[in-house]
Amino acid sequence: MGFHDIWIGWNKGCLTSASISILVNGSPTSEFKPQRGLRQRDPLAPLLFDLVAEGLTGMMREATIQDCFQSFFVGKNKVPVNILQFADDTIFFREGSMDNVKVVKAILRSYEMVFGLRINFAKSQFGAIGQSEEWCCIAADFLNCAMLHFPFCYLGLPIGINPRRKVVWEPIIRKLEPRLNKSSHRSISMAGRITLINVVLTTLPLFYLSFFRAPSAVINRLTSIQRNFLWGGNLEGKKIAWVAWSQVCASRERGGLGIKDIKALNNALLIKWKWFMFQQTDQLWSQILISKYRGWRRLEEGPPKPHFSHWWYDLRSINQHRSMAEVSKQFIWKLGRGDQILLWEDSWVDGGITLKEKYLELYRISLQRLQTVADLGSFCESRWEWKFSWRRNLFDNEMGIASAFID
């Protein structure tokens, strides 16, 4: 992987020098060296596990190069996806064929033999979309694992279920209520309640809020729990709210208490995905969205399509919110190669106004409304030349506007 020899030597030294002594009835036994070189709760264990798990990705990469494994291709750009890993959670993606199933089992068995880690097939699951249940059962039996049923949970998030349903958020509400309803919290100070609310809000629903748009009923319920706890110290019955909740959620500099507004926090976390799409176009997740939905462009144009996921649809609705539209107007594109910027629609010229708004008469007769800057010109002898097309000849009174437009 390109690590320096000195760094590798340090890690080898830590592993080969480890020794263990076991306490038996309070008396230590003679020391011995563990065969794997690791001790329980060794701080090096997470790092070394990641390095070893990377070997599985390498084996999958080699299988695809050798054309032994057919990846799953997403969208119009045919982005290949074959394996996703997060620590010890691994998902294989493949076309639905028994040949691919056999290759996966061969890779896992080889991985066990080479790296010494055992795959727990009893905890593994197999599922297929578009295949018969009989075929899925045969493949699952071959892998010696259970059937995967939708919806399922991955990394703590429900997959394959509508996040607008209240039942998706019930686990968060069930966890939140007991934390703020302990009898020991009744005598806590106001500053302590504020701190506890912010800590609980951050640790419990933040993961959900960063990915799903919370329904209004859920937001109201979470806000009600916080409000009752703030003014009463527990969740039993209604409490008198001495200050408007909007003022409570204001920053301390503006006279508030600094409690996070759940709806605003949810919107900010979701719109952050758009920012990531701008900055991480080379990442796999961004390439998948660009291939499937034409990326961030589809956040701003056209009606929703039947194949849009709930997540993408909610992200569009957040992006089209009035406050988000005001934020978008503060951004100006850096031209670069011009292949990512729509000439008419994007704000990339001086003044922060789009050419569509500034030259609406020309935009109406243009045949290149959704073309990028790079598509509408080329270099000729070190000089850039525009190539515009209009659906009719320009009138005399439009010549001046066109000249200013070219300039």
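The values are calculated or read from the model by the stated rules, or taken from the named source; none is laboratory data. Please read all numbers here as calculations on a predicted model, not as lab measurements. Heads up, the Cβs are rebuilt from the backbone with ideal geometry, glycines too, and the neighbour counts pull from every protein chain shown. Note: areas computed on protein heavy atoms with side chains; ligands, DNA, RNA excluded. Shrake-Rupley method; radii C 1.70, N 1.55, O 1.52, S 1.80 Å.
How would you classify the chain from its alpha-carbon gyration tensor, with a ≥ b ≥ c the square roots of the eigenvalues: rounded for a/c under 1.5, else prolate if a/b is greater than b/c, otherwise oblate? Note, shape of the chain comes out oblate. Result for the chain in a Gaussian network model with C-alpha springs under 10 Å: among G156, G75, G377, the largest mean-square fluctuation is at G377.
Can you check what the net charge comes to around V373, using other residues whose Cβ is under 9 Å from the Cβ of V373 (Lys, Arg +1; Asp, Glu -1)?
Taking every Cβ under 9 Å from that of V373, the sum is -2.
Which residues make up the longest stretch of the chain clear of GluC sites (Glu not before Pro) that lie in a DSSP loop with no more than 16 other Cβ atoms within 10 Å, not counting the sites? Within the chain, the longest run free of exposed GluC sites (Glu not before Pro) spans 96-235.
According to the square roots a ≥ b ≥ c of the eigenvalues of the Cα gyration tensor, what is the shape class of segment 65-143, taking rounded for a/c under 1.5, prolate for a/b larger than b/c otherwise, and oblate for the remainder?
Working: a/c = 1.65, a/b = 1.20, b/c = 1.38.
Oblate is the answer for segment 65-143, as a/c is 1.5 or above yet b/c matches or exceeds a/b.
For the listed residue pairs K166/K334; K76/K274; K166/K274, the alpha carbons are over 32 angstrom apart in K166/K334. When the square roots of the Cα gyration tensor eigenvalues are ordered a ≥ b ≥ c, the ratio a/c for segment 3-47 is 1.5 or more and a/b exceeds b/c, which makes its shape prolate. A DSSP coil position with no more than 14 other Cβ atoms inside 10 Å describes the following trypsin sites (Lys or Arg not before Pro) in segment 336-379: R337, R369. Ignoring ligands, DNA and RNA, what percent of the accessible area of the chain is carbon or sulfur (1.4 Å)? Its accessible area is 54 percent carbon and sulfur atoms.
Springs join every pair of Cα atoms under 10 Å in this Gaussian network model of the chain, and among L201, L56, L48 the largest mean-square fluctuation is at L48.
On average, how much accessible surface per residue is there in the chain, in Å², for a 1.4 Å probe, leaving out ligands, DNA and RNA?
Here the per-residue accessible area is 63 Å².
Among the chymotrypsin sites (Phe, Trp or Tyr not before Pro) in segment 352-407, those located in a DSSP loop and surrounded by at most 16 other Cβ atoms within 10 Å of their own Cβ are F388, F395.
Local charge for F212 was computed over the other residues whose Cβ lies under 11 Å away, with Lys and Arg +1 and Asp and Glu -1, and equals +2. For segment 1-88, the set of chymotrypsin sites (Phe, Trp or Tyr not before Pro) satisfying both a DSSP loop assignment and a count of at most 15 other C-beta atoms within 10 Å is given as F3.
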